[in-house]
1. Lys and Arg at +1, Asp and Glu at -1: add these up for the other residues within a Cβ distance under 9 Å of Arg89 and post the number.
2. Please give the calculated 222 nm ellipticity per residue for the chain, where each DSSP H segment of at least 4 residues contributes -39500 (n - 2.57) and the sum is spread over every residue; nearest 500 deg cm²/dmol?
3. Taking the Cα centre of the range 38-142 as the origin, how large is its charge dipole in debye, to the nearest 20, when only Lys and Arg (+1) and Asp and Glu (-1) carry charge on their Cβ atoms?
4. Relative contact order of the chain, please, whole-number percent, based on alpha carbon pairs below 8 angstrom and at least 6 residues apart.
5. For the chain, which longest stretch is free of loop sites, where a loop site is one of the chymotrypsin sites (Phe, Trp or Tyr not before Pro) that DSSP puts outside H, G, I, E and B and that has at most 12 other Cβ atoms within 10 Å?
6. About the Cα centre of the range 111-262, how large is the charge dipole given +1 on each Lys and Arg Cβ and -1 on each Asp and Glu Cβ? Please answer in debye to the nearest 20.
7. Step by step: find N for the chain, compute 2.2 N^0.38 Å, then divide the Cα radius of gyration by it. What's the final number?
8. Explain nothing, just the number: dipole magnitude of the chain about its Cα centre with +1 on each Lys and Arg Cβ and -1 on each Asp and Glu Cβ, in debye rounded to the nearest 20.
Amino acid sequence: MNPAFGLPTPPVDAAIPASVDTVVTGVMVLLTGGALMFALVHWLRTRRPTFLVLFLAGGAMMLLEPFVDTVGGCWHPANATRAFEIWGRPMPVWLCLTYFVFFGIGGGVTWLVLRNNPTPRTLWMLFAGSMIGDTVLEVTLLRFDTYVYYGNQPLVLADFPLWWAPTNALVDLAVAAILVRCAHAFTGARLLLAIPAAMAVSAAVNTVTGWPSWTAVNSDLGFVGTQLAGLATFAVAGLIVHGLGRWLTAAPGVPATVAVTEPVRVG
């Protein structure tokens with residue numbers, strides 16, 4: 001534990017193999033480049049820049065990573081190719097690029113699906129699919145020592161604390177749901193407000209769903225208490241998904257059909 005704050009001490013001596021850092025960064029460069037091209041083509045074909053704005057919003061969320069890593073017990077080795085450092089937390093280039101893909105394109109695809117079919121069933125399917133995708137991605141990356149989770153983590157499978165999956169999945173879902181339901185508020189130049197709005201949603205989702213698991217990570221609740229805290233994160237995330245489903249289909253105010261079909265254009 002860190003004697004100054006009573007928090008678990010991160011494994012600052014952890015290192016990522018240089019070859020792994022190079023390969024992972026290269027893969028993420030290709031994925032991000034492809035994602036950007038898709039976003040630009042979508043803008044040109046539909047005359048709607050929403051997908052591109054969500055791509056940029058996903059990348060902007062990276063600025064919150066040091067915060068969630070500190071309370072959530074995640075450490076990225078200092079010897080990785082570094083993009084920036086905040087709060088003594090080195091943020092690697094590959095991770096920044098991953099944000100553009102997982103949260104940027106993930107949010108964009110979620111938005112497209114919800115625009116066409118904004119039903120609770122669709123929400124749950126997207127939520128489950130995103131959790132599975134996040135788990136597969138993280139288990140794969142952890143296998144090659146790209147980063148490490150530490151502290152009293154709940155629900156650990158193959159070195160991955162599963163409580164992170166519903167939190168990450170819900171970010172995309174909540175951002176997309178807001179843009180679908182409140183499309184009338186993001187027209188013209190105001191669409192750019194989706195970027196700070198997405199960052200705010202990310203911070204809120206991480207805090208509201210993550211705090212039970214954060215409590216476990218940074219304390220000693222015992223085995224049973226720790227696992228219950230992780231399950232609480234799943235439960236809170238599930239309640240929010242349920243609430244989003246009701247809001248998309250039956251909320252008062254602007255009818256859902258208007259929010260779904262109103263075009264979003266710049267200029």
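Just so you know, all these numbers are worked out from the coordinates, no wet-lab data involved. Since this is a predicted model, take the numbers as computed values, not measurements. A quick note on method: Cβ atoms are made from the backbone with ideal geometry, for glycine too, and the neighbour counts reach across all protein chains shown.
1. Numbers: positive: none; negative: Glu65, Asp69, Glu85.
Result for the local shell: -3.
2. Values: 10 runs with 167 residues, N = 267.
It lands at -21000 deg cm²/dmol.
3. Working: 7 positive and 5 negative charges, 116 e Å.
Computed about the Cα centre, the dipole is about 560 debye.
4. Details: 406 pairs, mean separation 66.0, N = 267.
After rounding, I find 25 percent.
5. On the way: sites that count: Phe5, Trp87.
Counting at most 12 other Cβ atoms within 10 Å as exposed, the longest clean stretch of the chain is 88-267.
6. On the way: 6 positive and 7 negative charges, 114 e Å.
Result for the range 111-262 is approximately 540 debye, rounded to the nearest 20.
7. On the way: Rg = 18.8 Å, N = 267, 2.2 N^0.38 = 18.4 Å.
Rg over 2.2 N^0.38 Å, computed on Cα atoms: 1.02.
8. Working: 12 positive and 12 negative charges, 247 e Å.
Using only the charged Cβ atoms, the result is roughly 1180 debye.
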